[in-house]
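What follows is a single structure, written as structure tokens, with notes after it.
The values are calculated or read from the model by the stated rules, or taken from the named source; none is laboratory data. This structure is a prediction, so every number in the text was calculated from the model and none was measured. Note that we place each Cβ from the backbone using ideal geometry, even for glycine, and neighbour counts take in every protein chain shown.
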Ligand code: G4P
């Protein structure tokens with residue numbers, strides 16, 4: 001997505017060779033106009049998939065998912081971090097290991113909001129190692145819901161998450177794929193659009 005790539009080049013910061021900071025428009029201050037274009041693009045890419053729910057994970061995924069949801073006219077469910085395992089309780093839970101933070105955390109979604117009738121699009125801001133997505137997929141599997149696709153704003157193509165998710169046969173669309181960030185210079189993978 002050209003507009004997003006231009007914005008990353010203009011306002012993104014690269015504090016190290018593997019971290020891209022986009023606090024200026026996505027992760028802290030939010031450019032709602034840009035999010036609106038992102039939402040429209042997700043709709044263009046997934047409109048034929050008959051989605052009835054969007055699933056994301058707190059915190060940064062929520063705003064993106066909510067704006068996209070307006071195009072799909074579906075509700076958003078977000079997984080909460082720091083859930084407690086409650087065996088037999090009213091919660092689906094899954095453990096996620098974050099390489100960035102070097103620790104595991106539990107995510108949870110109430111059984112009231114996901115079930116076998118659901119056709120779900122997962123939306124998130126970043127794809128790095130893919131652990132958060134695997135946790136969300138695990139929750140959908142527990143619910144018997146169908147994963148129709150995954151929409152990501154920024155994929156770090158030099159980390160293994162994208163390859164892992166695509167190798168599972170999941171329909172993954174990333175609006176910008178960063179190929180490298182060596183010495184602060186961001187380059188993108190070529191994509192059809
Ligand atoms: P993974 O889910 O793909 O395995 O990613 P990982 O554990 O490595 O990432 C953990 C957190 O760091 C996630 O946010 C993810 O979105 C974010 N992240 C990963 N790489 C980058 C990056 O280069 N830039 C930025 N800005 N974020 C990155 P989180 O802390 O769990 O969530 P949130 O509360 O910020 O939404």
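Filtering region 145-167 to residues that are assigned to a helix (DSSP H, G or I) and either within 29 Å of residue 112 (Cβ to Cβ) or at pLDDT below 95 (or both) leaves only 165.
What number of residues in region 56-77 are farther than 21 Å from residue 31 by Cα and part of a strand (DSSP E or B)?
Start the filter on region 56-77 by keeping residues that are farther than 21 Å from residue 31 by Cα, which leaves 73-75, 77.
Keeping just the survivors that are part of a strand (DSSP E or B) gives 77.
Final tally of qualifying residues: 1.
Can you tell me which residues in region 14-73 are modelled with pLDDT of 95 or more and at positive phi? Residue satisfying the conditions is 73 alone.
In region 1-26, which residue that is within 15 Å of residue 67 (Cβ to Cβ) and within 13 Å of the ligand (Cβ to nearest atom) is surrounded by the most Cβ atoms within 10 Å (Cβ to Cβ)? Walk me through how you get there before you give the answer.
We begin by selecting, within region 1-26, every residue within 15 Å of residue 67 (Cβ to Cβ); these are 1, 3-4, 25-26.
Right, trim to within 13 Å of the ligand (Cβ to nearest atom) and you get 25-26.
Values: 25: 19, 26: 26.
Checked region 1-26; the qualifying residue surrounded by the most Cβ atoms within 10 Å (Cβ to Cβ) is 26.
Looking at region 86-139, what strands (runs of 3 or more DSSP E) fall wholly within it and have at least 2 residues that are free of Cβ contacts under 8 Å to residues at least 40 places away in the same chain? It comes to 91-98, 103-110.
This table checks each residue for (1) over 18 Å from residue 145 (Cα atoms); (2) within 16 Å of the ligand (Cβ to nearest atom); (3) over 17 Å from the mean Cα position of the chain (by Cα).
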{"position": "94", "(1), (2), (3)": "no, yes, no"}
{"position": "98", "(1), (2), (3)": "yes, yes, no"}
{"position": "114", "(1), (2), (3)": "no, no, yes"}
{"position": "122", "(1), (2), (3)": "no, yes, no"}
